[in-house]
Each structure stands twice: as C-alpha cells, then as structure tokens.
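Here is the structure we will look at, set down as structure tokens.
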Amino acid sequence: MTDVDVVVVGLGPGGESVATQLAQAGLSVVAVDRRLVGGECPYYGCIPSKMVIRAADVLAEGRRIPDFAGRSTVTSDWAPVHARIRDEATTDWDDQIAVDRLKDAGAEVVHGEARLTGPRTVEVNGTTYTAAKGVVLNTGTDPAAPPIDGLADTPYWTNRDVLRAEEAPGSLVVVGGGPIGAELAQAFSRFGVQVTVLEVAERILGPVEPEASKVVADAFAAEGIQVLTGVRIESVSYAEGQFTVDLGEQTVQADKLLVAAGRRPNLPDLGLETVGLDPGARSVEVDSRMRAVGADGEGLWAIGDITGRGAFTHMSMYQAAIAVRDILGQDGPEAAYHAVPHVTFTDPEVGSVGMTEQQARDAGLSVRVGVTDLATSSRGWIHKAGNAGLIKLVEAADRGVLVGASSVGPNGGEVLSALSVAVHGEVPTKRLRSMIYAYPTFHRAIEAALQELAGDRA
Ligand SMILES: Cc1cc2nc3c(=O)[nH]c(=O)nc-3n(C[C@H](O)[C@H](O)[C@H](O)COP(=O)(O)OP(=O)(O)OC[C@H]3O[C@@H](n4cnc5c(N)ncnc54)[C@H](O)[C@@H]3O)c2cc1C
C-alpha cells in the first residue's frame with residue numbers, strides 16, 4: 001500500500017495537466033499511463049495530423065500559383081512530413097520530455113496499466129495506491145474497428161499507423177468520412193495519393209451542418225477525391241499488397257486502408273465495477289465539477305473523451321481545470337456545454353459551435369437561421385481560388401441570441417472565435433448587428449449572415 005493524495009489514471013492532455021497542477025500545488029500525485037505521457041493528441045492525433053495538413057495545404061497553395069502569380073510545378077515529398085512528426089512533434093514517439101516535465105512539477109510518473117480496485121484505490125504494476133483526496137480518470141479512447149468481415153485479418157491502418165507512415169502510399173481507402181477521415185483523406189490526396197472515402201451515412205462530416213458538409217464534399221470532388229456515401233462494406237481482404245473492399249455492387253482496391261470509423265472508450269478494463277459504475281458504459285457520467293455520478297463514496301473524477309462531452313483536446317483541458325479547482329477546493333465556474341467549439345481542418349476548414357439547426361429544432365426552440373456565402377463576399381472574391389465557404393447562424397428567435405453557428409472557409413476555425421464568443425456570452429443578435437466588422441475580412445460575412453437572420457421569418 002502506498003498512500004498519496006491523488007492518482008491520475010491516463011495522461012491525455014487533461015490528465016497531464018491535472019497531475020502537473022496538483023503536484024505544483026503541493027499535493028503528492030501519482031500519474032499513470034500505459035503508453036505515452038500526453039496521450040493521443042501529441043503523438044497520434046491533433047498535432048501530427050495538423051502537421052500533415054499544413055504540408056498538404058502548402059502543396060495546394062503552390063498549385064494555385066498559376067491562378068494568381070506565375071507558374072508552378074509542385075512535386076510532393078512525404079519525407080519532410082514524416083521527419084517533422086518524428087523529430088519536432090514526437091521525438092520519435094518518445095515521451096521522456098513530457099515525463100521529465102511532470103517529474104519537475106513534483107509528480108511521480110508510472111508507466112503501466114492502472115485499474116481501480118475500490119473507492120480511492122488504484123493498482124498498477126503490482127502496487128496499490130490509496131489516494132486520500134481521490135482518483136482522476138483520463139483514459140481516453142482507442143481507435144475502433146467496425147465489425148466488417150475480413151477486416152481484422154488485414155494489416156489495416158488506424159490513426160496510429162498512418163501518422164507514423166514513412167512513405168505515402170500510391171492509393172488509399174479511408175473507411176469513415178468523419179473529421180479524422182476527411183482531414184487525412186484530403187491531405188493524402190494533395191500528396192498525389194489516389195484516395196477513396198467510404199462513408200455509411202448519406203454525407204461526410206455527419207455531425208456538422210449539412211450545408212457545411214456539402215461545401216467540403218464539393219471541394220473533395222473538385223480535387224479528385226472519390227467519396228462514396230451510403231455504402232455498406234460487405235468485406236475487406238488483403239493480398240499481394242492490395243486491399244480489396246467489397247461494397248456489394250462494386251469493389252474498391254488500394255495499397256493502404258485507413259480505418260477512421262469512430263473511437264472506443266478505454267473503460268471496460270478500468271475496474272469501474274469496483275466503484276459501483278458500469279464498465280460497459282460508453283462514458284462516465286460526470287457532474288458540473290467532473291465528479292463521477294453514481295460512484296461509491298467520494299473522490300472520483302473523470303475528464304476528457306470518456307465523459308462523452310466531445311472528443312477534443314480543448315474539452316479535456318477545460319474539464320481538467322474544473323477538476324483541479326474542485327480537488328483544491330477553489331471557487332470557479334462549473335462546466336457548461338452550450339458553446340462547445342470544434343474545427344475540422346479540411347480546406348475549407350469547418351468550424352462549429354453550439355447547436356446545429358436540427359439540434360435546436362429537436363430541442364423545441366423557435367429557430368431562425370441566417371446563411372451567407374463566403375465566395376461572393378468581398379474577401380472571398382478577392383481570395384479567389386480556395387474561397388468556398390459560408391457562415392451559418394442559428395438563433396433562438398424568442399430570446400434573440402445565437403445558440404449555434406458554423407464558419408466554413410479559409411481560416412474557418414479562426415473566424416469561429418467571434419461566433420464562439422457570441423454563443424458563449426449569449427450576446428443579443430441585435431447587439432451583434434450594431435458591431436463594426438473590419439473590411440475586407442472573412443469574418444465580415446458574419447454581418448451579412450446576421451442580416452439574413454433578420455430577414456428570415458420562417
Ligand atoms: C487523428 C486525430 C486527430 C485529432 N485532431 C484533433 C484536433 O485537431 N483537435 C482536437 O481538439 N482534438 C483532436 N483529436 C482528439 C484528441 O486527440 C483527444 O480528444 C485528446 O487527446 C483528448 O483525449 P483524452 O484527454 O480524453 O485522452 P487521450 O489523449 O486519449 O489519452 C488517454 C491516455 O490514457 C492512457 N490509458 C488508457 N487506459 C489506461 C489505463 N488503464 N491505465 C493507464 N493509462 C491508460 C492512454 O495510454 C492514453 O495515453 C484528434 C484525434 C485523432 C485520433
């Protein structure tokens with residue numbers, strides 16, 4: 001038995017932050033991860049994928065030179081991308097820097113598989129830790145593979161393989177047209193890879209506004225990315241360096257196959273049943289201070305993807321700050337989720353915050369929407385190639401505030417910030433209409449969308 005103040009199980013972005021802050025506050029903290037300190041984001045997620053996308057966008061801009069400024073011949077090379085991810089992002093997928101940072105903050109770092117054995121107790125590598133204040137769970141997700149006949153017997157890629165690839169394949173099938181699949185599909189296509197996206201739903205980027213997903217689908221079509229929606233994958237096989245995907249009426253072949261079809265929460269083996277929680281649940285329910293709801297006794301917090309509030313690094317960090325305050329007995333705002341922003345880093349980028357129009361209608365709100373096209377705005381017209389996009393606003397008409405918004409276009413994720421402020425702060429749309437919008441910016445299209453909103457009496 002080893003007595004400590006807090007055990008943090010899983011060191012994704014939020015867990016690492018909790019362990020660091022609590023140790024710096026003087027608590028004795030044991031921080032446990034079975035893989036790499038920092039979790040999915042720095043090694044296999046946000047950071048390497050955005051490095052790939054940055055490189056792919058540079059290629060795309062290079063190819064646009066003839067539209068504006070002369071001639072260009074663009075020859076892509078994957079080697080610098082791999083080198084950058086290996087050397088700058090992940091130090092060859094080694095977490096020593098993160099481990100040292102955490103130790104310097106005063107935490108004890110343990111690599112191993114942790115398991116709850118009861119309230120406030122965690123077993124790892126044969127040692128049982130008793131945590132006087134409690135345990136914080138941040139175990140995140142693993143890539144999920146759909147139950148497709150034959151798939152498990154093939155050497156398919158997940159995000160963890162594709163972002164370590166030393167070469168770009170000649171052709172790639174991406175199973176799943178969600179944010180991860182869409183981002184990587186377009187990036188690889190820009191490296192000259194023949195890409196096919198297979199999506200079971202009727203459209204890619206299902207969770208975002210249909211108008212937003214159409215802008216991206218049109219961009220993909222224009223770039224030669226084959227997108228097959230509404231498909232049913234009968235089977236997958238692999239022979240002589242080729243994947244074959246049987247879709248019933250047609251087959252698709254490629255050198256590599258990336259499964260980007262959702263995530264599986266790391267909960268079943270965590271010992272949740274020893275604290276009265278269901279190990280088969282999709283998420284750990286938490287209250288507005290990140291305390292696990294329904295757990296035996298006190299002293300159990302959960303943060304990040306496993307709380308089911310949005311699988312985003314910023315959510316993990318947001319919840320981490322709240323858990324830290326609660327553990328240290330500090331005042332501060334409790335969790336609120338009415339203005340959760342998220343960005344899909346395709347080109348054009350898709351930024352969304354709060355509710356979609358459909359979600360607002362399903363919630364019974366009296367809804368008004370305003371949509372404006374970015375390409376015909378002054379800045380979009382100046383920008384020319386690559387200017388596709390839109391702003392969509394969703395207003396709760398009776399309250400006169402935005403409950404959701406989308407920003408699609410070049411820098412759509414940056415333009416989103418203004419909309420996030422509006423939704424988060426429940427700024428009256430009347431007040432937003434009285435604001436001055438700098439000319440000629442992309443965000444000026446928000447003003448046009450507000451005018452559309454005022455004219456929409458539906
Ligand atoms: C390709 C890709 C791109 C992404 N891009 C973005 C993006 O642009 N923006 C964004 O906001 N989000 C993005 N995400 C999502 C983001 O990576 C996650 O939301 C983020 O990592 C937060 O997850 P987390 O804190 O819940 O835990 P994770 O990062 O998943 O970390 C959980 C940790 O817990 C450890 N663990 C699990 N079980 C145990 C156990 N029993 N014992 C010990 N350790 C355990 C794991 O080893 C892991 O290190 C992306 C994800 C992927 C896959």
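Some observations on this one:
- Unique match (being of a type in the set (S, T, Y), at pLDDT 95 or above, surrounded by fewer than 17 Cβ atoms within 10 Å (Cβ to Cβ) and over 12 Å from the mean Cα position of the chain (by Cα)) among Y337, Y318: Y337
- Flag for A335 being in a loop (DSSP other than H, G, I, E, B) and more than 13 Å from the ligand (Cβ to nearest atom): yes
- Condition check for G271: surrounded by fewer than 23 Cβ atoms within 10 Å (Cβ to Cβ), at pLDDT below 95 and under 30 Å from R34 (Cα atoms): no
- So D255, is it more than 14 Å from the ligand (Cβ to nearest atom), within 28 Å of the chain's Cα centre (by Cα) and either modelled with pLDDT of 95 or more or buried (at least 19 other Cβ atoms within 10 Å of the Cβ) (or both): yes
- Filter result for the condition that a residue is in contact (Cβ under 8 Å) with a residue 40 or more places away in the chain and at negative phi, over A422, A405, A375, A397: A405
- Of all residues in region 10-44, those satisfying the criterion of being more than 6 Å from the ligand (Cβ to nearest atom), touching a strand residue (DSSP E or B) at 6+ places or on another chain (Cβ under 7 Å) and among the aliphatic types (A, V, I, L, M) are V18, A19, L22, A23, L27, V29, V30, A31, V37.
- Matching entry among G364, G351, G329 (being assigned to a strand (DSSP E or B), of a type outside the set (S, T, N, Q) and either away from the ligand (no atom under 16 Å from the Cβ) or modelled with pLDDT of 95 or more (or both)): G351
- T376 among the hydroxyl-bearing types (S, T, Y) and within 22 Å of the chain's Cα centre (by Cα): no
- Verdict on D161 being surrounded by fewer than 16 Cβ atoms within 10 Å (Cβ to Cβ), at negative phi, within 24 Å of the chain's Cα centre (by Cα) and within 14 Å of the ligand (Cβ to nearest atom): yes
- Residue satisfying all of: in region 276-300; more than 13 Å from the ligand (Cβ to nearest atom) and crowded, with 22+ Cβ neighbours inside 10 Å; farthest from G140 (Cα to Cα) among these: A295
- Exclusive hit being over 18 Å from A23 (Cβ atoms), in contact with a Pro (Cβ under 6 Å, 6 or more places away or on another chain) and at pLDDT 95 or above, set T158, T75: T158
- Set R35, R86: member being among the basic types (K, R), surrounded by fewer than 23 Cβ atoms within 10 Å (Cβ to Cβ), at pLDDT 95 or above and outside any helix (DSSP H, G or I): R35
- Pick from region 95-147, criterion among the polar types (S, T, N, Q) and part of a loop (DSSP other than H, G, I, E, B), ranking: farthest from H314 (Cα to Cα): N125
- The listed residue being surrounded by fewer than 16 Cβ atoms within 10 Å (Cβ to Cβ) and aliphatic (A, V, I, L, M), out of M51, M1: M1
- Among the residues of this structure, A105 does not count as one that is out of contact with any strand residue (DSSP E or B) (no Cβ under 9 Å at 6 or more places or on another chain) and hydrophobic (A, V, I, L, M, F, W, C).
The values are calculated or read from the model by the stated rules, or taken from the named source; none is laboratory data. Please read all numbers here as calculations on a predicted model, not as lab measurements. Methodologically, a virtual Cβ is constructed for each residue, glycine included, from the backbone with ideal geometry; neighbour enumeration extends over all protein chains shown.
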